[in-house]
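Undergrad: Okay, handing you the structure first.
The values are calculated or read from the model by the stated rules, or taken from the named source; none is laboratory data. Note that the structure is predicted; figures quoted are calculated from it, not measured. Neighbour counts run over all protein chains shown; Cβ positions are idealised from the backbone, glycine included.
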Amino acid sequence: MPVPTLLPFTTTPSRKSASQTSFRLTEKFILLLVFSGFITLCFGAIFFLPDSSKLLSGVFFHSSAVETNTRTGPDGVGDLGSAGSDEKVLVKIKKDHEKALLEAKDTLQKRPDEIKHDILKEKEKIAQESLSRGVKTNDLPYVEYRRPPGATGHEPLDSSTRVKRAKIKEMMKHAWDSYTRYAWGSNELRPVSKQGHSSNLFGSIKGATIVDALDTLYIMEMFEEFDAATDWVEKNLDFNVNAEVSIFEVNIRFVGGLLSAYYLSGKEVFRRKAVELGEKLLPAFKTPTGVPWALLNLKSGIGRNWPWASGGSSILAEYGTLHLEFIHLSKLSQNPEFAQKVMNIRKVLNRLDKPQGLYPNYLNPNSGQWGQHHVSVGGLGDSFYEYLLKAWLMSDRTDEEAKKMYYDALQAIETNLIRKSSGGLTYIAEWKGGLLEHKMGHLTCFAGGMMALGADGAPGDKTGHQMEQAAEIARTCHESYSRTALKLGPEAFRFDGGVEAIATRQNEKYFILRPEVIETYMYMWRFTHDPKYRDWGWEAVQALEQHCKMEGGYSGIRDVYAAKPNHDDVQQSFFLAETLKYLYLLFSDDDHIPFDHWVFNTEAHPLPVIRSERQTEQNNEVE
Ligand code: DMJ
């Protein structure tokens, strides 16, 4: 009776010449040997493989090739089913293992910064590959993030400056805490009635104060508050609203605020939200000339102009204050459309004749013709001039067209609008069809800072002259503050009827926490280091503390000439975005948001200077 065996072929009936029993035993012995060799081999491989692959894939990026080769090597030695190739497999495993150990040893010998650099390089390579395949990360293409210098500062050496700077941070804390306590999520705060306030400029978009304050919180290193604001943006900031918004206001506060928060912190959420909002604004440019409407319904994409604006015109300071943000939107989304839209506006303007070289505030977007010939460096005109200069600066001084437009416009303003009062105060009047109105708005006071910022690029030998003019505007604006009862400036002041730098009309006597005068002090301080600018800024701080600070935040005032303040019950979002930021920077060192790396949008949101590829490479090499 045959001995039962586990292997079917051992009972093959053809093997008749040898004794069945001895033959089976020998066969069994050989088979056992082969089998145990095979099992030892597999066991050995189990010991080898996980160690090296874990080490490689978990810690170092170069792992994948080795790991892949080990499993499915190009020579096909991964087929462990053949006992004849055991030797080969063993040699291969050993070789890979040694190679991996060598690589690991090599990596371990590197300095941490070298390892970091390798990792970054690898990441960039992967992102670049996906970009070239048209693959998007988070819906947006990969862009390299590099924080520009001076995003945060350091304590000033001088103790009195330190104390003042700390005081301004405390003001920011009070404004922010009050907003979070009483109006969190609303656009603005009502500090007297302690509730939220919403202006129809933002339609039903919410959180203007949060977005406007983000970069100030960062610059003042209030990171806990910055994180709370970021969290709100992530979870609640919603642009899918069926409401009409002001393109200008939404652009300077929301797009500008988000862009700035992105460049300061590097957080992707801000880039994503900025581009998302930018895309929502694009339908506003669907006009025969491409000059955008002032108002846009974000859901329907239907636009229109303010009904009061000269025969359905668009406003110079509105369509002319998109450039900086839109250039950055193109850079961050790699969608050229944003830049094309604003460059087209410039083209339309350059085709038109300008009365006395001046830009009227009204332009019809259908006909492409000027509306009323009303010119102002204050409301309706102001930030258009500011953006010409800053477009040039933000382009790393390569946008020659913007440069020329700025200095030409400034020359026309000087010739036609800038005057000196009999008391020796320089002011910028308004121009209506060739006639001057000797009035200067609080808004116009930003021009002192603008002229100082542009002075060093002035053509001819005008640098000194423009600096002097900037200083004179700063002085006039300071006078408009010091000639009031509350030491805060009126909305507009006049140089006629025997008065100088004083508001004469009741509806021009209010102060709504505006930044322009302090903005000019900050620029003048940076360029001259004349202590009077810090003194003037400090006077404003004291007046704000005395007359605008309330238990529930900071409020505007209805009449700055009245002995006692009558509060308007609004804490404007630009108080946190601009007024407090400029005050803080006035008492900070110059390397905090340095001007050679950053340009402020008109809502004081710093945007980085865009370097040419070559320049960036050179800087990287230096670094
Ligand atoms: C801000 O929203 C901006 O500075 C804008 O350019 C003009 N007005 C306010 C502040 O006064």
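Undergrad: Quick check on this structure: which one of R253, R346 is closer than 28 Å to Y218 by Cβ, basic (K, R) and assigned to a helix (DSSP H, G or I)?
TA: R253
Undergrad: A further question follows. Select from the stretch 368-391 the residues that are within 16 Å of the ligand (Cβ to nearest atom) and either in a loop (DSSP other than H, G, I, E, B) or touching a strand residue (DSSP E or B) at 6+ places or on another chain (Cβ under 7 Å) (or both) and list them in ascending order.
TA: Result: S376, V377, G378, G379, L380, G381, K390.
Undergrad: Another question about this same structure. Look through S573, S555 and report the one residue that is polar (S, T, N, Q), crowded, with 24+ Cβ neighbours inside 10 Å, away from the ligand (no atom under 14 Å from the Cβ) and in contact (Cβ under 8 Å) with a residue 24 or more places away in the chain.
TA: After applying the criteria, what remains is S555.
Undergrad: Kindly indicate whether any position in the stretch 200-223 is within 16 Å of the ligand (Cβ to nearest atom), closer than 26 Å to D568 by Cα, modelled with pLDDT under 95 and assigned to a loop (DSSP other than H, G, I, E, B).
TA: no
Undergrad: Specify which of the listed residues (A470, A501) is farther than 25 Å from A577 by Cβ, away from the ligand (no atom under 16 Å from the Cβ) and hydrophobic (A, V, I, L, M, F, W, C).
TA: Just one listed residue meets the conditions, A501.
Undergrad: May I pose another question? Does P565 qualify as being touching a residue at least 60 places away in the same chain (Cβ under 8 Å), crowded, with 19+ Cβ neighbours inside 10 Å, within 16 Å of the ligand (Cβ to nearest atom) and closer than 30 Å to R181 by Cβ?
TA: So P565 fails the test.
Undergrad: Out of all the residues in the stretch 288-309, is one or more at pLDDT 95 or above, assigned to a helix (DSSP H, G or I), in contact with a Ser or Thr (Cβ under 7 Å, 6 or more places away or on another chain) and within 16 Å of the ligand (Cβ to nearest atom)?
TA: Looking through the stretch 288-309, none of the residues is at pLDDT 95 or above, assigned to a helix (DSSP H, G or I), in contact with a Ser or Thr (Cβ under 7 Å, 6 or more places away or on another chain) and within 16 Å of the ligand (Cβ to nearest atom).
Undergrad: Let me ask something else. For the structure I just gave you, tell me whether Y584 is away from the ligand (no atom under 16 Å from the Cβ), buried (at least 24 other Cβ atoms within 10 Å of the Cβ) and not in a loop (DSSP other than H, G, I, E, B).
TA: Answer is yes for this residue.
Undergrad: All but one of (1) in a loop (DSSP other than H, G, I, E, B); (2) farther than 26 Å from W184 by Cβ; (3) within 28 Å of the chain's Cα centre (by Cα) hold for T504, so report the exception by its number.
TA: (3) is the only condition that T504 fails.
Undergrad: Right, next: Is it the case, given these coordinates, that W536 is of a type in the set (F, W, Y), under 22 Å from D596 (Cα atoms) and part of a helix (DSSP H, G or I)?
TA: No; evaluated as a whole, the condition is false for this residue.
Undergrad: Which members of the stretch 504-530 meet the condition of being crowded, with 24+ Cβ neighbours inside 10 Å, aliphatic (A, V, I, L, M) and within 16 Å of the ligand (Cβ to nearest atom)?
TA: Hits for the stretch 504-530 are V517, I518, M522.
Undergrad: What is the one condition in (1) within 16 Å of the ligand (Cβ to nearest atom); (2) closer than 27 Å to H597 by Cα that S246 does not satisfy?
TA: It fails just one condition, (2).
Undergrad: Return the only residue of Q542, Q615, Q546 being of a type in the set (S, T, N, Q), modelled with pLDDT under 95 and not in a strand (DSSP E or B).
TA: None of the others qualify; the one that does is Q615.
Undergrad: Pick from the stretch 410-451 the residues that are surrounded by fewer than 21 Cβ atoms within 10 Å (Cβ to Cβ) and among the small types (G, A, S): which of them is farthest from the ligand (Cβ to nearest atom)?
TA: Applying the filter and picking the extreme gives S422.
Undergrad: Consider H465 against the criteria (1) over 27 Å from R558 (Cβ atoms); (2) over 34 Å from the mean Cα position of the chain (by Cα): it satisfies all of them except one. Which criterion is unmet?
TA: (2)
Undergrad: Would you be able to say whether some residue in the stretch 262-280 is part of a helix (DSSP H, G or I) and more than 14 Å from the chain's Cα centre (by Cα)?
TA: yes
Undergrad: Enumerate the pairs (first residue in the stretch 189-206 and touching a residue at least 12 places away in the same chain (Cβ under 8 Å); second residue anywhere and surrounded by 15 or more Cβ atoms within 10 Å (Cβ to Cβ) and among the basic types (K, R)) with beta-carbon separation below 6 Å, excluding pairs fewer than 6 apart on the same chain, so at least 6 apart or on different chains.
TA: Here the result reads H197/R190, each pair linking the stretch 189-206 to a residue that is surrounded by 15 or more Cβ atoms within 10 Å (Cβ to Cβ) and among the basic types (K, R).
Undergrad: I would also like to ask the following. Which condition number in (1) of a type outside the set (D, E, K, R); (2) touching a Phe, Trp or Tyr at 6+ places or on another chain (Cβ under 7 Å); (3) within 20 Å of A208 (Cβ to Cβ) is the one that V560 fails?
TA: Condition (3) is where V560 drops out.
Undergrad: I've got another one for you. Among the listed residues I247, I315, I302, identify the single one that is farther than 30 Å from W176 by Cβ, in contact (Cβ under 8 Å) with a residue 24 or more places away in the chain and more than 13 Å from the chain's Cα centre (by Cα).
TA: Only one candidate passes the filter, namely I315.
Undergrad: Working only within the stretch 304-349, note down all residues that are over 18 Å from L201 (Cβ atoms), touching a Phe, Trp or Tyr at 6+ places or on another chain (Cβ under 8 Å) and of a type in the set (D, E, K, R).
TA: Scanning the stretch 304-349 gives a single hit, K341.
Undergrad: Name every residue in the stretch 508-533 that is in a helix (DSSP H, G or I) and free of Cβ contacts under 8 Å to residues at least 12 places away in the same chain, in order of residue number.
TA: Correct list: P531, K532.
Undergrad: Restricting to the stretch 474-495, and then to whatever is away from the ligand (no atom under 16 Å from the Cβ) and under 11 Å from M440 (Cβ atoms), can you tell me which residue is surrounded by the most Cβ atoms within 10 Å (Cβ to Cβ)?
TA: Out of the qualifying residues, it is T476.
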